[in-house]
Every structure is written in structure tokens, then in C-alpha cells.
């Protein structure tokens, strides 16, 4: 089996490393940033292709991980895109976080070419990609999912088929409403600690070790980093904002229907406009600190 990967960035890089371990001498990569692709090739042994059409014509399974709806549509359906060169029977696996409508357009385009498309949205960030513990929530045809599962298993642990094309995207975006909400709620709680003089060490111990319902994995993992002033991106704030906006866009109801989601988006927008977009999304804390003129 020949495996391809388009997009050699923060998430693609560790996944490519795991794929080359599982499929030695059978992994091909492409990125618009040729220098980045060459670096990943040196690190992993994956073979660099010179174009989208070259890699699409070589492989049996093709992963993609790119920034947004438009890039996904252009990559797959544009001139000299994947659909122009893909072989019948090839399975494409898009790990990008995009809207389900974009995925369904790609699915239809590839189906007309005799190929199969899966949306395999990822739950987790760079650490999980490096350790092979990423979770995949997958949409698409069940037979294509079954055929692709061994390849997905090389990169992750929990691999769940959620339904037809776009179902994986929907699951991921609903999931992200909770993550964005956690980030903003934790920042506000810590801000209230700062303003009232509540002991943050005790608060952390009570939330993580007590029997109340305030605990979250996010709280336990990110609060120590925030207290150390560490906001280096494990998942950028601007990408969390993108995900939250995509989630809101799945509903045709007015903004007042989901007020907590709107509030989370508003705080993340404030962070992005304040220059924190490339920081970790826990930089929602920076927004609260700026509002209070207080620091952790």
C-alpha cells in the first residue's frame, strides 16, 4: 500500500513520521512549502512529490491536512487538483477541520472519479499526534472506512465512524464548542480568583482533586502552563476561533439560540484582534488579564 500525505505542518509532520514507521518506503508527501516538505523528508524518510497531481496518482490512500474550507475545495476540486489525477479506488482522508458542506462537495467530486472520500477530523493536538494517540471522528461510506482503518490506526487510537460524509466534521465542530467554552470559562474563573484574591493554588487542587463538577482535562493540562506564563501554541487561538465559527455556521438559527457559543467566539475574537492569534488558545486568559489589568 502506498500512502500519501499533503500538508506537512504541525499535525502532518508527526503523523507522517508514524506512517513511515508503519509503511516503510511507501509514504509520499507534498506541501506548497517545498522547504518544509524537504525537512520532513529528511526527518522521516518519506519521499517528496513535486505536485498535487503527482502524489494523487501514486498512492492508494491519501491524507490531507490543510487550513480551511477554500483550501480543501481548491486542493481536491480545483484545476490540477486531486480529482484530476486520482486513480479509481483510491481512498482520500481529509483530517482538516472544515465545514461539512465543503466535505460533501469533495465527496461528490471524488465519487464521480471512482474514488472514496472520508472526513477524519482529529481530536487532540501535537502531543497526541506525536504519541499516536490522536482520536479520529470519521464520516463517509462504511466500506471505505473499514478499508482505511488500518492506516488510521497507525496514527491514532480512538477511531470512530460517525456516519455519512460530513458526519465527522459535524462531530468535531460540536466537540469544539465545548473546548472553546472550557477555555473561556477557565479564563474567567481564574480572572475572578485574581480579582477577589481567591487562592489559585487551592482552587486548582479543589477542582482537580475534589468531587465537584468543575474538572476538565483542559483545566488540568492548561492551568499550570498558564500560571508559568507559557502560551506557546499546542493549538493556536486563531484555529480555535475558526472552529467555533464553523460550528456556529452549521446552525441556521439566530445568534441568541446559542449564547454561550457566541460569548466564547467573542472572547476568542478579542484575543485574535489583540495579537494572540498565534498563541495557544489558552491565551483566552490573556484577554481576561487585559480586561482586569491583572496577571497570573
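Here are a few things to note about the model shown:
- Within the stretch 163-174, the set of residues being touching a helix residue (DSSP H, G or I) at 6+ places or on another chain (Cβ under 9 Å) and touching a residue at least 40 places away in the same chain (Cβ under 8 Å) comprises 165, 166, 167, 168, 169, 170, 172, 173, 174.
- The numbered conditions (1) touching a residue at least 40 places away in the same chain (Cβ under 8 Å); (2) outside the structural domain of residue 248 (by TED's automatic domain parsing); (3) under 15 Å from the mean Cα position of the chain (by Cα) are all true for residue 179 except (2).
- Condition check for residue 67: modelled with pLDDT under 95 and within 20 Å of the chain's Cα centre (by Cα): yes
- Cβ pairs under 9 Å, 6+ apart, first in the stretch 198-221 and assigned by TED's automatic domain parsing to the domain that holds residue 183, second exposed (fewer than 13 other Cβ atoms within 10 Å of the Cβ): 204/224; 206/212; 215/209
- Residue match in the stretch 111-124 (condition: at pLDDT 95 or above, assigned to a helix (DSSP H, G or I) and within 29 Å of residue 249 (Cα to Cα)): yes
- Residue 98 meets all of the listed conditions (1) buried (at least 17 other Cβ atoms within 10 Å of the Cβ); (2) more than 17 Å from the chain's Cα centre (by Cα); (3) closer than 24 Å to residue 68 by Cβ but one, namely (2).
The values are calculated or read from the model by the stated rules, or taken from the named source; none is laboratory data. The shown structure was predicted, so the numbers you read here are calculated from the model rather than taken from an experiment. All Cβ positions, even for glycine, are placed from backbone atoms using ideal geometry, and neighbour counts span all protein chains on display.
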